[in-house]
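As structure tokens, the structure follows; a few thoughts come after it.
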Amino acid sequence: MVTARVGVHTQACRGPTEQTQGWGSVLRVHFSGLDLARVRIAARPDALWETVLSFHRLRDRRDDSAFGKWRSETRGKLNGEARLLAPLVPTRGYFPDFLTPAEGLLGMTDALAALRETPAARLHEELARLSTATRPFPSWIREMAEGDTRALGRLAGILQRYYEVAVAPYWPRVQSRIEADRAARGRALLDGGADRLLASLPPMMRWRPPVLEADYPVDRDLHLGGRGLLLLPSYFCRRTPVTFHNTDLTPVLVYPVEHHTPRLTPQVPPERSLGRLVGQTRSAILQGIGVGCTTSELARRADVSLASASQHATVLRDAGLLVTLRQGNAVLHTLTPLGAALLRGARPAEAATYERLA
């Protein structure tokens, strides 16, 4: 996996011998016409990508405004997991592709089940890429490199415990921010196809047809070869995108979502804020959001003035029922899982699905 890892401090860049080179380097993703037709946006957050990338944030001394409180809370609750994961996920440089299987989009249970099935040959090959020049691997990782399924099961248990402390309590915030980004990308795709979608990506990525350039720790070219590209927005990814080291794997580009909330905190029940929703107008506003809309569209759908729509959207946002993402000169409102659940009843099947995925 080539992540933004080789950067200063904890940026991850998946490459076996890549060194930190600042941010003057570029990842170039080369598209054909077939690749453009096969660009897609991940349907939901990826549990293992968020877990692994959060481990970088845990050791990153920067970004305190966004992650400082989360970092101190998480460190206080861990019980040796960080020490055990550190040899597999260095603060910079390569980390193995098998740590983030495609099943991560289905939730942690499916992701860890897939990780446990990693073939022995792949374990040996990918772990061999990790540098052990300064410190040898602990015995359990050496055993895993030799195909020991018990050691692989131990890794799955460590990742599960780390996830339960560092990611699961914050999953609603992670999910709502990624949903907001998905809505913005989906709107760009509907308005202008793959070309508009790629042009709408965050500013560290630049669409210069037929090449998508991205700030990156090292210079690298990724040729999609007709396979298309899965765009995966990530809460814990920061500053530069991430992709696999192994170019034979399905191409994935993990990129950072925009952060408006200054601190990542656990989701809390918003009973007092929900009381502010009483009334026909706010109900109409909530229902009018649909799969995402601008303030002007919201005003038309709810048959209220632009100022009124903006005011009610603020109340809904404060109640944790919608997320607002700036897109150029406009803003795009999308429902959070809590907002969607409120429209469908107290505990709908969809809300239960979100919990299982978490």
Part-to-part distance (alpha-carbon centres) for segment 203-251 and segment 89-130, which is given in Å: 19 Å
Förster radius 35 Å - calculated FRET efficiency between Arg62 and Leu249 (Cβ-Cβ, nearest 0.05): 0.75
Most to least packed among 221-234, 76-89 [average Cβ atoms within 10 Å]: 221-234, 76-89
Label point distance in nm, Val26-Gln311, each placed 7 Å from Cα along Cα→Cβ: 4.9 nm
Protein accessible area in segment 26-256, 1.4 Å probe - carbon and sulfur %: 50 percent
Average accessible area per residue (Å²) across segment 26-256 - probe 1.4 Å, nucleic acids and ligands excluded: 40 Å²
3J(HN,Hα) from dihedral phi, segment 317-325, Karplus parametrisation 6.51/-1.76/1.60, rounded to Hz, x for glycine, proline: 5, 4, 7, x, 9, 9, 10, 10, 10
Extension reserve of the His259-Ser139 stretch, reckoned as 0.36 nm per residue once the Cα distance is removed: 39.2 nm
Protection-proxy order for peptides 322-331, 177-186, 115-124, each taking the mean of Cβ atoms within 10 Å per residue, highest first: 177-186, 322-331, 115-124
Ranked packing of 247-254, 236-243, 55-62, most packed first, by mean Cβ within 10 Å: 236-243, 55-62, 247-254
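The values are calculated or read from the model by the stated rules, or taken from the named source; none is laboratory data. Bear in mind the structure is a predicted one, so any value in this text is a computation, not a measurement. Positions of Cβ are backbone-derived with ideal geometry, glycine not excepted, and every protein chain shown enters the neighbour counts. Remember, those area values only see protein heavy atoms, side chains included, never the ligands or the DNA or RNA. Shrake-Rupley method; radii C 1.70, N 1.55, O 1.52, S 1.80 Å.
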